[in-house]
Amino acid sequence: MTDGTTRGIDTTEENGGFTWRELGRWSGAVCAHVWATRVPILGLLVMLTLSWLASRGMPTVRNAFITTDWRQLAASAFVCVLAVALLGHALIFSWLLAAARFGFDRRVPLPLVGAGGGSTLRTLSLWTLVAGAVLWPLLSTHYREGPPDGRFVGLSVGVVAGVAVVGVVVWWVRWARQRAESGRRDLLDRALLFLGDGYWDAGKDLAQPGHKLSIALTLVLVGVYGLFYVLFYPEWALWAPPTVAFIIVWLAASCLILAGVAFFADRWRLPLVLILVVWTVGWHGMTERRHEFLVVGYEPPVEEAEAEGIGGEVEAGGETWRRFDARAAQGVLTVVAADGGGIQAAAWAAHVLTGLQSRFGERFTDSVELLSAVSGGGVGVYYYLEAAAAEGLRGPSPTARECVRRAATTSSLEASAWGLIGPDFLRVAVPPLSSAVHDRGWALERAWIRTAERMCRAIERSNGRGCAARFDEELGARVTPEPSTLGTWRRLARDGELPHVVWNATVVDDGTQAFFGTERPEAFGCRSGAACWGLGHLDLQVATAARLSATFPYVTPIARPHLSRISAEHHAEIGRWSLADGGYFDNAGILAAIQWLRGRQDELKGFRHVVFLQIRSFPDKPSKPPDGGEGLVHAIAGPAKALLKVRTAAQATRAQVEVELLEQALLRARGLELDSVLYLELRPPLLDDHDEPLSWHLSERNIEALERQWRIVEEYDLCSLEQVYEGFVGPCPSRPK
């Protein structure tokens, strides 16, 4: 067929109707066209799925759409219009040109097939229909999650700008087509001539305008991608579009590249997956690009390791410090363990620590000797201690506590998304252009460091004003030339100016624990040989230690030490171990705290109480009974589901047993005068109208729910602590169901 028309099902055959052969040819052609357009179809379906999940109230996805001012909304709407227009165009023109490119029979009853690939009214109408069907739910979700005061303005600006850019590109392609028809071919026409069928209109001896339009839109998308990379660089970005904008830019760019590769290679029936595997394995086999984290310095091991322990005397600058005995005079020793769970865990840990400090004052802060943190809880602990260190206190001042909570609820998901579409995308596509250190994990670190700097500057300049309001005014300001390091905090902890802290991680190579904190890993029972010893002497930025503990699967990459700042003589002494989220081994942070206490049983003399606080970040939700619908899917996915479920359940059971054994050991220790060992879980209550997100972004409704949950805990769950810290005597209230 050369006239550009489509022939339907042949009804002139025997019996006056179609035959099974004709139906088979028709079905095969439909499947061939769907296969030819699989990449843009998949990209558009992913966009629809994102908007559907957000509209269904899934908190992790819904929070990715949230915008707080009209600029964010405008940028995200512009990206959506451009991405949907590009993928919609790729879908339509891949379908139109599939038969010519792949060499199958064009005699199929599909009106779309024979349009010839030109920018006709019909193809433009179909393009608009496809783009509108995907764009409408995306923009509706943006509108619902946009700022109340500027959602209409932001959405209008973004949509108008996107449509205008697409319109200019379409106009340019039509103008270039007219030039080519008059005999003035450009370089692109000559390049497409060599690519063969599907790229060239043999009837007019011209390049197909669909490919020119794709190339032009691609250049626009590449420009937007470059702007996103530069403007929202974590070191200086003052604001960023919502996470979904980064995702859509990356999705559109990836689908565009893959669609172009598939369109070219399917003529020879080369599987797209095979091409990707060869490309990825080939590049990475030659470059060996691995994710690494920055190391600030290295402290060689000393002979008297016990000199750095908790008990006894510690020599520092010619002065003798007796820290532990001074705490014993207070009569209470408190150990805190904060579990993981993304920004929900960070925010809840900050609420609990600042709330307890507000309630009990110095009786709480002076009694705390160790904070053991995992994953998201470690980020909340980082902000809490960063504020304390900035003020020279063991805990933040009353003015600073509001800022600590504000910092712990500040989103960092946009920074991680920037790292995903920027350096990590280059790491996969063109590894030689990527950096070993700059990735989405590094971007997450920088977001936390900048938030901590804003917090410290707001504390310094609040002068009695609301610290949270001042925090919002300090966006982009720097307070220190260099972020805090573990080496600095180790000295503060040894001098008794800060409590000890440890961030728990998991060694990927052997499945054991790794520890980063103000004491050596041996103090927490580390038994992983060279990993335990080598990692314990590294000096890192404190945010890096928190990031290594919070290496949330796929959001933050597994990384190993980057030794460029370490002298070559120490390289052999440092194991290049790869580290993952501490939650793989112990998501509660409880084992490190127990090992720390066990190693100091003889030094607990004089304490009347040992308080073990476990900060749990998510409500205790009742298990749903089986629905009886288990079948083939359950049989296939059941083993993986069991592994995931048993990890959480086994850790909880193990932690409870360990606490009970610890309590018995402390109570039976010789010469120990303990009235009680208190183990208390502080967990947010279950709210019927709230579901906690598992990401690095909290919405305003999430923050309001946290405040409500803490007020309930403060009213009903702190009675046992009042008995310990304040000597309260009387019945404790029961929490209403």
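The values are calculated or read from the model by the stated rules, or taken from the named source; none is laboratory data. Since this is a predicted model, take the numbers as computed values, not measurements. Please note: Cβ atoms are built from the backbone with ideal geometry, for glycine as well, and neighbour counts cover all protein chains shown. Remember, those area values only see protein heavy atoms, side chains included, never the ligands or the DNA or RNA. Shrake-Rupley method; radii C 1.70, N 1.55, O 1.52, S 1.80 Å.
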* **So TRP442, is it at pLDDT 85 or above, part of a helix (DSSP H, G or I), in contact with a Ser or Thr (Cβ under 9 Å, 6 or more places away or on another chain) and not acidic (Asp, Glu)** => yes
* Considering only the stretch 354-386, how many residues are over 24 Å from the mean Cα position of the chain (by Cα) and assigned to a helix (DSSP H, G or I)? -> 11
* Structure fact -> Within the stretch 550-566, residues modelled with pLDDT of 80 or more and among the basic types (Lys, Arg) come out as ARG560
* Asked: Take the residues of the stretch 316-366 that are of a type in the set (S, T, N, Q) and modelled with pLDDT under 90: which is surrounded by the fewest Cβ atoms within 10 Å (Cβ to Cβ)?
  -> THR320
* **All positions within the stretch 412-460 that are open to solvent by 20 Å² or more (accessible area, probe 1.4 Å) and charged (D, E, K, R)** => GLU414, ARG440, ARG446, ARG450, ARG454, ARG457, GLU460
* Would you check which residues across the stretch 194-218 are in contact with a strand residue (DSSP E or B) (Cβ under 8 Å, 6 or more places away or on another chain) and either modelled with pLDDT of 70 or more or more than 17 Å from ALA90 (Cβ to Cβ) (or both) and list them? => TYR199, TRP200, ASP201, LEU206, GLN208
* Structure fact -> Taking the stretch 396-430 and keeping only residues that are in a loop (DSSP other than H, G, I, E, B) and either out of contact with any Ser or Thr (no Cβ under 9 Å at 6 or more places or on another chain) or within 19 Å of SER254 (Cβ to Cβ) (or both), one is left with SER397, THR409, GLY422, VAL430
* Select from the stretch 516-542 the residues that are crowded, with 20+ Cβ neighbours inside 10 Å, outside any helix (DSSP H, G or I) and either among the small types (Gly, Ala, Ser) or in contact with a Lys or Arg (Cβ under 6 Å, 6 or more places away or on another chain) (or both) and list them in ascending order. => GLY517, THR518, SER528
* Structure fact -> Matching residues in the stretch 16-52 (aliphatic (A, V, I, L, M), under 17 Å from ALA259 (Cβ atoms) and open to solvent by 40 Å² or more (accessible area, probe 1.4 Å)) number 5
* Asked: Does ALA469 count as assigned to a helix (DSSP H, G or I) and at pLDDT 85 or above?
  -> no
* What about ALA545, is it buried (at least 24 other Cβ atoms within 10 Å of the Cβ) and over 17 Å from GLY487 (Cβ atoms)? -> no
* Within the stretch 711-724, count every residue that is assigned to a helix (DSSP H, G or I) and open to solvent by less than 20 Å² (accessible area, probe 1.4 Å). => 4
* Structure fact -> The correct count of residues that are within 26 Å of the chain's Cα centre (by Cα) and either among the aromatic types (Phe, Trp, Tyr) or not in a loop (DSSP other than H, G, I, E, B) (or both) in the stretch 552-590 is 15
* Structure fact -> Counting only residues in the stretch 229-260 that are part of a loop (DSSP other than H, G, I, E, B) and hydrophobic (A, V, I, L, M, F, W, C), the one farthest from PRO137 (Cα to Cα) is identified as TRP236
* Asked: If a residue has to be outside any strand (DSSP E or B) and at pLDDT below 90 to count, how many in the stretch 597-617 make the cut?
  -> 12
* Asked: From the list ARG683, ARG708, which one is open to solvent by 30 Å² or more (accessible area, probe 1.4 Å), at pLDDT 85 or above and over 27 Å from ALA54 (Cβ atoms)?
  -> ARG683
* **Considering residues of the stretch 387-411 that are open to solvent by 20 Å² or more (accessible area, probe 1.4 Å) and closer than 25 Å to GLY583 by Cβ only, the residue farthest from the chain's Cα centre (by Cα)** => ARG405
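State yes or no: is LEU492 within 23 Å of ALA452 (Cβ to Cβ) and open to solvent by less than 10 Å² (accessible area, probe 1.4 Å)?
No; evaluated as a whole, the condition is false for this residue.
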* To do: Check GLY57 against each of (1) of a type outside the set (Phe, Trp, Tyr); (2) surrounded by 14 or more Cβ atoms within 10 Å (Cβ to Cβ); (3) at pLDDT 75 or above; (4) not in a helix (DSSP H, G or I) and name the one condition it does not meet.
  => (2)
* Structure fact -> Restricting the stretch 262-274 to residues that are part of a helix (DSSP H, G or I) and either open to solvent by 50 Å² or more (accessible area, probe 1.4 Å) or in contact with a strand residue (DSSP E or B) (Cβ under 8 Å, 6 or more places away or on another chain) (or both), the one nearest to THR218 (Cα to Cα) turns out to be PHE264
* **Pair list, Cβ under 8 Å, 6 or more apart: the stretch 154-173 residue assigned to a helix (DSSP H, G or I), other residue surrounded by fewer than 19 Cβ atoms within 10 Å (Cβ to Cβ) and aromatic (Phe, Trp, Tyr)** => LEU155/TYR143
